[in-house]
1. At q = 0.11, 0.14 Å⁻¹, what log₁₀ I(q)/I(0) does the range 1-70 have when each alpha carbon counts as one equal point scatterer in the Debye sum?
2. Any idea of LYS75's accessible area? Nearest 10 Å², probe 1.4 Å.
3. Take the Cα pairs of the chain, get the Kirkwood Rh, then feed it into Stokes-Einstein at 4 °C and 1.567 mPa s and tell me D in µm²/s.
4. Quick check for you: which residues of the range 37-60 have the amide N under 16 Å from the point 7 Å beyond the Cα of SER84 toward its beta carbon?
5. Which residue, THR57, THR90, THR27, tops the fluctuation ranking in a GNM of the chain built on C-alpha contacts under 10 Å?
6. Considering only SER70, SER62, SER17, give the residue with the highest GNM mean-square fluctuation for the chain, with springs between Cα atoms whenever their separation is below 10 Å.
7. Length gain on complete extension for the stretch LYS43 to GLN113, per 0.36 nm per residue less the alpha carbon to alpha carbon distance?
8. What is the percent carbon and sulfur in the accessible area of the range 65-121, measuring with a 1.4 Å probe over the protein chains and ignoring ligands?
Amino acid sequence: QVQLVESGGGLVQPGGSLRLSCAASGTFFRVNAMAWFRQAPGKQRDWVATILSSGITSFADSVKGRFTISRDSAKNTVSLQMGSLKSEDTAVYYCNAAIRVGASPDVSDYWGQGTQVTVSS
């Protein structure tokens, strides 16, 4: 069984920084793309950033230049470094990973349980 577990959320003041981490555990063949999404109260879940197994990254316009995403493929972890945080960054942040579980080339989507990030003075 595959699990994604996030950590690092919390309360931070506007302009501050926070780092989220996510670790994939269980039995699987390979972790492909890893990503972060976020969901603010009353809103849909939005994509934030993606990092491919090649290391290529992409970001939503709303966080470009403020957030960075990195991964440790040996440890199957992904991190989101958030800087210059704004109140509108307040949301539950979810880790997502496309994981090849077995010998089949099929890839399945997995989600973490979410971690709350609150930006407030």
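1. These q points yield log10 I(q)/I(0) values of -0.33, -0.53.
2. Its heavy atoms expose roughly 140 Å² to the probe.
3. Reported coefficient: 89 µm²/s.
4. 59-60
5. Looking only at THR57, THR90, THR27, the largest GNM fluctuation is found for THR27.
6. Highest fluctuation among the options: SER62.
7. Numbers: separation 70, 0.36 × 70 = 25.20 nm, distance 1.72 nm.
Result for the pair: 23.5 nm of gain on full extension.
8. 48
The values are calculated or read from the model by the stated rules, or taken from the named source; none is laboratory data. Since we're looking at a predicted model, the values are computed, not measured. In this analysis, Cβ positions are derived from the backbone assuming ideal geometry, glycine residues included, and neighbour counts consider all displayed protein chains. For the accessible areas, the whole protein counts, side chains as well, though only heavy atoms, and no ligand, DNA or RNA atoms are used. Shrake-Rupley method; radii C 1.70, N 1.55, O 1.52, S 1.80 Å.
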